[in-house]
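Input: a single structure, listed below in structure tokens.
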Amino acid sequence: MEAKAKKEKELALNGGKPAKTTPNLPMFPGGMEIGEEEKKAVLEVLDHKYLFRYYGPEEFPSRVKMLEEEFAQRIGIKHALAVNSCTSALITSLIAVGVGPGLGCKPNSGKALKELIETVSVPMVIDA
């Protein structure tokens, strides 16, 4: 019994039991989920020539606007804003809350420091 307990505590690299036994997917999981519904939605946007949020025929609704409205309603808020990346989301949220000079942050804030600087903030790196 003692040998079994020891083996369970060992890293898989050293002969212990692996935490994950299923094989990795060949690519990001989201790419594996693209089906007929997604293809149809993309073709609809292309057919209606409504490629951008504020540009396109008025008779067809903006898919971005529809997403924002549905998301806001689903989580019970007045407004939602779709952005193209996590970087844009960070910058938008920092500006929305009015972050200004002197915001304290950890030295290992990584990429987020760039977003702080882009919002006209002057981050104060605090290391304990």
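Can you name every residue in segment 52-96 that is among the hydroxyl-bearing types (Ser, Thr, Tyr) and more than 21 Å from Ser121 (Cα to Cα)?
Kept after step one, since they are among the hydroxyl-bearing types (Ser, Thr, Tyr), are these residues of segment 52-96: 54-55, 62, 85, 87-88, 92-93.
Scanning segment 52-96 gives Tyr54, Tyr55, Ser62.
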Query raised in the report: Could you say which residue among Ala82, Ala72 is in a loop (DSSP other than H, G, I, E, B) and under 27 Å from Leu46 (Cα atoms)?
Result: Ala82
Report summary line: For segment 49-60, pairs from a residue that is aliphatic (A, V, I, L, M) to a residue that is not in a loop (DSSP other than H, G, I, E, B), with Cβ under 7 Å and 6 or more apart or across chains, are Leu51/Val45
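Here is a yes/no grid of residues against (1) touching a strand residue (DSSP E or B) at 6+ places or on another chain (Cβ under 6 Å); (2) under 30 Å from Ser62 (Cα atoms); (3) modelled with pLDDT under 90:
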residue	(1), (2), (3)
Glu2	no, no, yes
Lys17	no, no, yes
Lys20	no, no, yes
Pro23	no, no, yes
Leu43	no, yes, no
Leu51	no, yes, yes
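The values are calculated or read from the model by the stated rules, or taken from the named source; none is laboratory data. Because the structure is a prediction, the values reported are computed rather than measured. All Cβ positions, glycine included, derive from the backbone under ideal geometry; neighbour counts span all protein chains shown.
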